[in-house]
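Worksheet for the structure shown next.
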Amino acid sequence: MSNREKILNTFQDQIGYKFKDPQWLKKALTHSSAGGNDFERLEYLGDRLLSCVMTLWIFSTYSQDREGTMTKRLAYLVSGPRIHQIALQLGIPEVLHTDKRQDPNQPRLIIDACEALIAAIMLDSGDFVTLERCIHRWWENLFLKAHQLPLEAKSVLQEWTQSNGYGLPVYTVLCTTGPYHKPLFEVQVNIGKKHKFQASGGSKKEAEQKAAQRALSDLTNCASYHSYYSGEYCDQS
């Protein structure tokens, strides 16, 4: 047994899953800089699988949550910083296969590898329940924290946009209508250069919260996290 195989065996003990076909694990931990069969396609699938598992987990756990609240919990749990935190706990940087000139500690690379690992487990096991058990075990502590989140839409949106490379959301009052004693504010929030979401409310704060909620719902549903990094955007026009 080679030294690399010994390292991967130890890693499988750490993550709590033993691969039937070790090639899936090797592929999930191979960056394109190393040449050969890399994790790019697996990372794409893993992102979607993680969102699916988390959505089901949130839906079954928080039976009283409305759609907006569930969306905020999901945005928190699948954000870049959370995935990066899990990847570090699993020890992914120590087992990544990259070119010597490539830094295996880059957050973006580590996040992608973690998502690729999720896809590899699904494809190797062929069992969604097995994948759920792994993700539930890895994310258990963070999931408990999600119960205590300040679920104010603007705060959640700000963390989501910053962790996914968009910078800060920009809010603009487009117009104010209605009588003086009962105004109606129309607000637009800009996310990056292309995403724009509008909402109205009886106060500026209410309108901003509604616009942030609309942005969260649409952006997480169209998986713009990966669209952004590939240079493509979900069309919100």
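The values are calculated or read from the model by the stated rules, or taken from the named source; none is laboratory data. If you're wondering where the values come from, they're calculated on a predicted model, not measured in any experiment. FYI the Cβ positions are ideal-geometry reconstructions off the backbone, even for glycines, and counts take in every protein chain you see.
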Quiz item: Name the helices (runs of 4 or more DSSP H) wholly within the stretch 1-97 that hold at least 2 residues that are more than 27 Å from residue 145 (Cβ to Cβ) and either of a type in the set (Asp, Glu) or at pLDDT 90 or above (or both)?
Solution: 3-15, 22-28, 40-61
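From 168, 174, 157, 142, which residue is outside the structural domain of residue 79 (by TED's automatic domain parsing), of a type in the set (A, V, I, L, M) and in a helix (DSSP H, G or I)?
Working: 168 fails: in a helix (DSSP H, G or I); 174 fails: in a helix (DSSP H, G or I); 142 fails: outside the structural domain of residue 79 (by TED's automatic domain parsing).
Just a single option satisfies the conditions, and that option is 157.
Pick from 101, 41, 4, 48: which is under 30 Å from residue 213 (Cβ atoms) and of a type in the set (Lys, Arg)?
Details: 101 fails: under 30 Å from residue 213 (Cβ atoms); 41 fails: under 30 Å from residue 213 (Cβ atoms); 4 fails: under 30 Å from residue 213 (Cβ atoms).
Testing whether each residue is under 30 Å from residue 213 (Cβ atoms) and of a type in the set (Lys, Arg) leaves just 48.
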Practice problem: Report, by residue number, each residue of the stretch 160-189 that is in contact with a helix residue (DSSP H, G or I) (Cβ under 8 Å, 6 or more places away or on another chain), modelled with pLDDT under 90 and surrounded by fewer than 16 Cβ atoms within 10 Å (Cβ to Cβ). | Solution: 165, 167
